[in-house]
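The values are calculated or read from the model by the stated rules, or taken from the named source; none is laboratory data. For clarity, every value in this text was computed on a predicted model and none was experimentally measured. Cβ coordinates were reconstructed from backbone atoms using ideal geometry, including for glycine residues, and neighbour counts include every protein chain displayed. The accessibility values were calculated without ligands, DNA or RNA, using every heavy atom of the protein model including side chains. Shrake-Rupley method; radii C 1.70, N 1.55, O 1.52, S 1.80 Å.
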Amino acid sequence: VHVSGLDILPDEKFLFVCNHRSAMDPLITMGILRDYNMGFVAKKSIYKVPVIANLMHRCYCLCLDRKNIREEAKTILRAGKLVKEQRASIGIYPEGTRNKGEGLLPFLGGSFKIAKKANAPIVVASIKNPEKIFKDTIFKKTHVYLDFLQVIDKEFVASHNTTELSEEARQIIAEKL
């Protein structure tokens, strides 16, 4: 894993947003950011595997039920509270699902409510090639690139709505990809 931009990370807890290419994305990110008490918002179906569910709960990961708007809102509020209380930084993939094609899928603006609720900065990152990890053989190296691109500061977050924040983050990632 090749990493760049770690020096831009804020001292306080933050919302992490990134493009989403593979099931490995959160594991790679949590490994790199292990000192940042990193958790992720993940879809409900991931929690059906007992071992994974137990591990995710212990790592500040939160379950998102996309079919239940009330539960979805509660998850966003819980994530915002974890960040606001400086207990954990939370990651979310605003594309809403893994992108198996080129470019970026549309971003879901609701993802950015976490930063708004927490009055927290947003760390924008991009990831390349994690989907190749399972395709390459054990004898061939897979080069994955995790680049921390920009921090959207708290003042910008406070003065812009979630749609504007979504567009800003998407543009930052699109320029890198």
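Would you mind telling me which numbered condition in (1) modelled with pLDDT of 85 or more; (2) among the charged types (D, E, K, R); (3) open to solvent by 90 Å² or more (accessible area, probe 1.4 Å) Glu102 fails?
(1)
Every residue in the stretch 145-174 that is under 18 Å from Asn129 (Cβ atoms) and outside any strand (DSSP E or B), please. Can you show your working first?
Here is the first cut: in the stretch 145-174, the residues under 18 Å from Asn129 (Cβ atoms) are 145-149, 173-174.
Result: Ile173, Ala174.
Would you tally the residues in the stretch 127-177 being under 18 Å from Ile90 (Cβ atoms) and among the small types (Gly, Ala, Ser)?
Adding up the residues that qualify gives 3.
Only one of (1) modelled with pLDDT under 80; (2) open to solvent by less than 50 Å² (accessible area, probe 1.4 Å); (3) farther than 23 Å from Gln171 by Cα; (4) outside any helix (DSSP H, G or I) fails for Ala53. Which number is that?
Among (1) modelled with pLDDT under 80; (2) open to solvent by less than 50 Å² (accessible area, probe 1.4 Å); (3) farther than 23 Å from Gln171 by Cα; (4) outside any helix (DSSP H, G or I), Ala53 violates only (4).
Any idea how many residues of the stretch 123-174 are among the aliphatic types (A, V, I, L, M) and out of contact with any Pro (no Cβ under 8 Å at 6 or more places or on another chain)? Don't jump to the end; show me each part of the working.
Taking the stretch 123-174 and keeping what is among the aliphatic types (A, V, I, L, M), we get 123-125, 127, 133, 138, 144, 146, 149, 151-152, 157-158, 165, 169, 172-174.
In the following step, the residues that additionally are out of contact with any Pro (no Cβ under 8 Å at 6 or more places or on another chain) were identified as 124-125, 127, 133, 138, 146, 149, 158, 165, 172-174.
Counting residues in the stretch 123-174 that are among the aliphatic types (A, V, I, L, M) and out of contact with any Pro (no Cβ under 8 Å at 6 or more places or on another chain) gives 12.
Looking at (1) open to solvent by less than 80 Å² (accessible area, probe 1.4 Å); (2) more than 20 Å from Ala73 (Cα to Cα), which is the one condition that is false for Gly109?
The one condition Gly109 does not meet is (2).
Can you spot a residue in the stretch 145-158 that is at pLDDT below 90 and either within 26 Å of Ser4 (Cβ to Cβ) or not aromatic (Phe, Trp, Tyr) (or both)? Steps first, answer last, please.
Here is the first cut: in the stretch 145-158, the residues at pLDDT below 90 are 145.
Subset that is either within 26 Å of Ser4 (Cβ to Cβ) or not aromatic (Phe, Trp, Tyr) (or both): 145.
Checked the stretch 145-158: at least one residue is at pLDDT below 90 and either within 26 Å of Ser4 (Cβ to Cβ) or not aromatic (Phe, Trp, Tyr) (or both).
For residues that are of a type outside the set (Val, Ile, Thr) and at pLDDT below 90, scanning just the stretch 120-134, find the one that is surrounded by the fewest Cβ atoms within 10 Å (Cβ to Cβ).
First, pick out the residues of the stretch 120-134 that are of a type outside the set (Val, Ile, Thr): 120-121, 125-126, 128-132, 134.
From what's left, at pLDDT below 90: 128-132, 134.
Numbers: Lys128: 16, Asn129: 18, Pro130: 23, Glu131: 19, Lys132: 15, Phe134: 10.
So the residue we want is Phe134.
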